[in-house]
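Enquirer: Shown below is the structure under consideration.
The values are calculated or read from the model by the stated rules, or taken from the named source; none is laboratory data. Values in this document were obtained by computation on a predicted structure and should not be read as measured data. Every residue, glycine as well, gets a Cβ built from its backbone with ideal geometry; the counts of neighbours run over all protein chains shown.
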Amino acid sequence: MTVSPEFVGRSYPPTAPYEVCREKIREFADAIGDPNPAFRDPQSARDLGHLDVIAPPTFPVIVSFLATRGVIEDPDLGIDYSRVVHGEQRFSYTRPVRAGDRLVGVASVTSVRRAAGNDLISTGVEVSTAEGEPVVTVHSTIVVRGIAQER
């Protein structure tokens, strides 16, 4: 099934607040192999001008994934998740994610196009604090692989 461009602009409800704590930041930094002390030690983060430990730049992918589930699971779009591969991802920051943040994400479909028999669906997830302070926009594209034509 081809995803229609008519879905561009569709937005989804905000996620439940995601509580960012020092331990989650440390675990994420460990998982990606980044030894930066600002991701673990409050004093190191303060020495760099931050209020508390900050998260690695790709940390918001956690909230982004939760928000884009609405897109993936939207029955109107008809996305077959078994055919989905990750296309690209980028982050546009207002400020770093830091311990103590309560983050929510709101996803919207920003583009739909077809290339080489595949659907490319781009989303933007506005990540802000539960109080409404903008933090980062996560831009991503998924590829829904087409079914090969029989000859």
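Enquirer: In this structure, does F59 turn out to be in a loop (DSSP other than H, G, I, E, B) and surrounded by 14 or more Cβ atoms within 10 Å (Cβ to Cβ)?
Expert: yes
Enquirer: For region 83-117, how many residues are in a strand (DSSP E or B), among the basic types (K, R), farther than 23 Å from E23 by Cα and touching a strand residue (DSSP E or B) at 6+ places or on another chain (Cβ under 6 Å)?
Expert: Summing the residues that are in a strand (DSSP E or B), among the basic types (K, R), farther than 23 Å from E23 by Cα and touching a strand residue (DSSP E or B) at 6+ places or on another chain (Cβ under 6 Å) in region 83-117 gives 2.
Enquirer: Condition first: surrounded by 12 or more Cβ atoms within 10 Å (Cβ to Cβ), assigned to a helix (DSSP H, G or I) and of a type in the set (S, T, N, Q). Now tell me which residues in region 1-47 satisfy that.
Expert: Selection gives S44 alone.
Enquirer: Additional query: Given G33, G78, G49, which one is at pLDDT 95 or above, at positive phi and under 21 Å from the mean Cα position of the chain (by Cα)?
Expert: G33
Enquirer: Then there is this: Can I79 be described as over 19 Å from S111 (Cβ atoms), surrounded by 14 or more Cβ atoms within 10 Å (Cβ to Cβ) and touching a residue at least 60 places away in the same chain (Cβ under 8 Å)?
Expert: Judged against the criteria, I79 is not a match.
Enquirer: So in region 81-95, with the set limited to residues that are under 12 Å from T123 (Cα atoms) and of a type in the set (D, E, K, R), which one is nearest to the chain's Cα centre (by Cα)?
Expert: Looking at residues that are under 12 Å from T123 (Cα atoms) and of a type in the set (D, E, K, R), I get R90.
Enquirer: Now a separate question. Within region 86-95, take every residue that is at pLDDT 95 or above and not charged (D, E, K, R) and give me the one that is surrounded by the most Cβ atoms within 10 Å (Cβ to Cβ).
Expert: F91
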